[in-house]
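*Asks:* Mind looking over this structure? Questions follow.
Each reported figure results from applying straightforward, stated rules to the coordinates on display, with no laboratory input. Everything numeric in this text was worked out from a predicted model, so none of it was measured. Backbone-built Cβ (ideal geometry, glycine too); neighbour counts: all protein chains shown.
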Amino acid sequence: MLPLDPQADIGRRAWVPCPRCEDSRDCGPCGERRTCSRHWRYLLSNKGSLLHLQCPGCTHVWTHESGFGATRSTWSRVAGGPEGP
Ligand SMILES: [Zn+2]
Ligand SMILES: [Zn+2]
């Protein structure tokens, strides 16, 4: 298991399925791509639409192509933050 990245911050989360442990596979809210209270990932950083994520469950780190630019309006749909939805 990797240690949690020092950049991991519970105030910056993203709802993306973890490709390693797939813990959200059978979850209702996750299946509907809603913001689930149990299955979220630390958002370590982002470059445009590329998200750098870490799973709090298995500590897997990966990059996810979100498919859109990180504009303010679309961004709030993926990640929670001070600006919120
Ligand atoms: Zn995981
Ligand atoms: Zn879930």
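*Asks:* When Val61, Val16 are ordered from fewest to most other Cβ atoms inside 10 Å of their Cβ, what list results?
*Replies:* Val61, Val16
*Asks:* Hey, another quick one. Given H placed on each backbone N at 1.01 Å, which residues far from Arg20 in sequence or on other chains put an amide H within less than 5 Å of it?
*Replies:* Placed amide hydrogens put nothing under 5 Å from Arg20.
*Asks:* Under 5 Å between amide H atoms, partner at least 5 residues away or on a different chain: which partners does Leu44 have, H built in plane at 1.01 Å?
*Replies:* His52, Leu53, Gln54
*Asks:* Now for a different question. How do 39-51, 19-31 rank on mean C-beta neighbours within 10 Å, highest first?
*Replies:* Averaged packing, sorted descending, gives the order 39-51, 19-31.
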